[in-house]
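Right, one structure below, let's go through it.
The values are calculated or read from the model by the stated rules, or taken from the named source; none is laboratory data. A quick note: this is a predicted structure, and the numbers were derived from the prediction, not measured. Note that each Cβ is placed from the backbone with ideal geometry, even for glycine, and that neighbours are counted across all protein chains shown.
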Amino acid sequence: MKINVEKTSEVERKLNVEIPWETVREEIDRSLTKIRRTATLKGFRKGKAPLDLVRRIYSDDARQEAINALVMRATRQALDQHNLEPYGNPYLTDVRSEDNEPMVFEAMVELSPRFEVSDYRGLVLERPFREVTSGDVDGFLFTLRERNAEAVPVEDARALRDGDVATVHFKGSKGGEVLQGMDIDDFEIRLGREQLIPGFEEQIVGMKAGEKREFDLPFPEEYPQENLAGETVHFEVLLKEVKEMKIPDLNDDFARTIGEFETLEDLRKNIQDDMDEAANTEAEKALRANLTRSLLDSNVFEVPPSLVDKEIRYLTQEYGENLLRGGLSNEKVRELIMANEADIKRAAGEHVRLMYLVNRIAEKEEIKAEQKEILSVVAQAAQQMGRPVNELMDQYSEDGTVNEIAFNIIRNKVFDTILESATVSDVRLKEGDTGKTENRSQAKTRTKTKPKKKADADAESR
């Protein structure tokens, strides 16, 4: 047997193998003998058919089985000779096998990456955080007051203005025919909330109760309903009633309507605590995102392409589903996926590399995901879904989700271990800065409940 191993990348090898015909014939005969034991042919008892007859009927099957066995054997021999650790099975790129001729094949083999983790002890990291100010609390209080505002009919016959609630009967038509779902009566519009397509509110501002108005408006190109996207529609609008929003005064009485608060000061403190907790959670996520970036930047190595391809498919599917849930059309989703293809590939490669890094550090630090920890995560998910824990565990075990849960547990423990020896400095973000905390969680005022315990920040998700 002749084996040539060509290095095509740090994690791939191309094998060129030539196997003598005598070896191939012996392997085919072994396959035929094995087939003969279970073959049932007319006129013969099971396993008693003549070998020549079995050969005529099952020669193709035997040859394919022999080729598979020889490929695996030759690949294993090549990897052992060159001290290479494979990832997954080889895939053939070319096979030539003829009677009385050597069998020749080419195969690509992916390898697990070989790397040494750079020193992860004593890292210097930043923890970006945004300080919650009294202005933030005031802003949230105003939002609460708006949510609890009451719509009351205007006393005089004044014109509709921004912030009002308009009760309308409107029709949308095209070519003189009313479109399906566009003849709606008693529809309430809160001006300033952009409930309808752009330009609609501007067209009805200034109208008075009982007034009718007609106008044409184009639908956005990215409108979810493809039959309307980019089309111009004629609208007829009857303004039936105008209401104005009465925002409650900011006092102790208002605080008592929100929850178990005796005074406005109690409500303010509750909001401050919640916003501080949200800001700290985001700061911890930003810290761990910076830790992830530090590990990736200081540990650059190639990873198996098939793993990256699998991650690309996962991220692409997840991204597309999120866009569809947001109401975008299939065409727009495909367009955005194409536009972000490079970013998706980069993220996929980095996630696979992080997986190798985390697992290598976990081995060195003897960190594992305990079964009870995995079960706890599954139990929490089962409770949220209203499903039996055992049933969900079986599903997660079958579809591989349990492996992802285990990895997330290990990653969090690894990050905790690294942060124990890290030097972390807080960096205060100024207003307008995004940093790693641009999606700061909005505080949620607790209503008629006991204070919640502060949750541990999770590592940055994929």
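Identify, please: which residue in the stretch 382-403 is more than 25 Å from V352 (Cα to Cα) and of a type in the set (A, V, I, L, M, F, W, C) and is, among those, surrounded by the fewest Cβ atoms within 10 Å (Cβ to Cβ)? Looking at the filtered set, the residue picked out is M385. Within the stretch 234-241, can one find any residue that is touching a Phe, Trp or Tyr at 6+ places or on another chain (Cβ under 8 Å), closer than 16 Å to R147 by Cα, surrounded by 14 or more Cβ atoms within 10 Å (Cβ to Cβ) and of a type outside the set (A, V, I, L, M)? Checked the stretch 234-241: no residue is touching a Phe, Trp or Tyr at 6+ places or on another chain (Cβ under 8 Å), closer than 16 Å to R147 by Cα, surrounded by 14 or more Cβ atoms within 10 Å (Cβ to Cβ) and of a type outside the set (A, V, I, L, M).
So that you can scan it fast, the table gives a plain yes or no per residue for (1) within 30 Å of R256 (Cα to Cα); (2) in the same structural domain as V242 (by TED's automatic domain parsing); (3) outside any loop (DSSP other than H, G, I, E, B):
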site: A159; (1), (2), (3): no, yes, no
site: V168; (1), (2), (3): no, yes, yes
site: L179; (1), (2), (3): no, yes, yes
site: M182; (1), (2), (3): no, yes, yes
site: I189; (1), (2), (3): yes, yes, yes
site: G192; (1), (2), (3): yes, yes, no
site: Q195; (1), (2), (3): no, yes, no
site: G210; (1), (2), (3): no, yes, no
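Against the list (1) within 37 Å of the chain's Cα centre (by Cα); (2) part of a loop (DSSP other than H, G, I, E, B), the condition T93 fails is (2).
Any residue at all in the stretch 237-253 that's part of a loop (DSSP other than H, G, I, E, B), free of Cβ contacts under 8 Å to residues at least 60 places away in the same chain and closer than 21 Å to G327 by Cβ? Checked the stretch 237-253: no residue is part of a loop (DSSP other than H, G, I, E, B), free of Cβ contacts under 8 Å to residues at least 60 places away in the same chain and closer than 21 Å to G327 by Cβ.
For the stretch 266-278, check the following and say yes or no: at least one residue is part of a helix (DSSP H, G or I), surrounded by fewer than 17 Cβ atoms within 10 Å (Cβ to Cβ), not hydrophobic (A, V, I, L, M, F, W, C) and not assigned by TED's automatic domain parsing to the domain that holds F129. No, because not a single residue in the stretch 266-278 is part of a helix (DSSP H, G or I), surrounded by fewer than 17 Cβ atoms within 10 Å (Cβ to Cβ), not hydrophobic (A, V, I, L, M, F, W, C) and not assigned by TED's automatic domain parsing to the domain that holds F129. With respect to the stated conditions, V378 is out of contact with any His (no Cβ under 6 Å at 6 or more places or on another chain), buried (at least 18 other Cβ atoms within 10 Å of the Cβ) and free of Cβ contacts under 8 Å to residues at least 40 places away in the same chain.
For the stretch 92-122, a residue qualifies if it is of a type in the set (A, V, I, L, M) and either surrounded by 18 or more Cβ atoms within 10 Å (Cβ to Cβ) or at positive phi (or both), and the qualifying residues are M103, A107, V109, L111.
Residue-wise test of (1) in a strand (DSSP E or B); (2) closer than 30 Å to I418 by Cα; (3) assigned by TED's automatic domain parsing to the domain that holds A69.
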| residue | (1), (2), (3) |
| --- | --- |
| R121 | no, yes, no |
| E126 | yes, yes, no |
| E131 | no, yes, no |
| L141 | no, no, no |
| L144 | no, no, no |
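Do we find that N83 is free of Cβ contacts under 8 Å to residues at least 24 places away in the same chain, of a type outside the set (A, V, I, L, M) and at positive phi in this structure? Yes.
Does any residue of the stretch 69-90 turn out to be assigned to a loop (DSSP other than H, G, I, E, B) and over 30 Å from S306 (Cα atoms)? Within the stretch 69-90, none of the residues are assigned to a loop (DSSP other than H, G, I, E, B) and over 30 Å from S306 (Cα atoms).
Residues in the stretch 207-233 that are exposed (fewer than 14 other Cβ atoms within 10 Å of the Cβ) and either among the acidic types (D, E) or closer than 14 Å to V168 by Cβ (or both): 7 in all.
Taken over the stretch 292-326, the criterion of being over 20 Å from the mean Cα position of the chain (by Cα) and of a type in the set (S, T, Y) is satisfied by S294, S298. Among the residues making up the stretch 142-177, those that are touching a strand residue (DSSP E or B) at 6+ places or on another chain (Cβ under 8 Å) and acidic (D, E) are E146, E150, D164.
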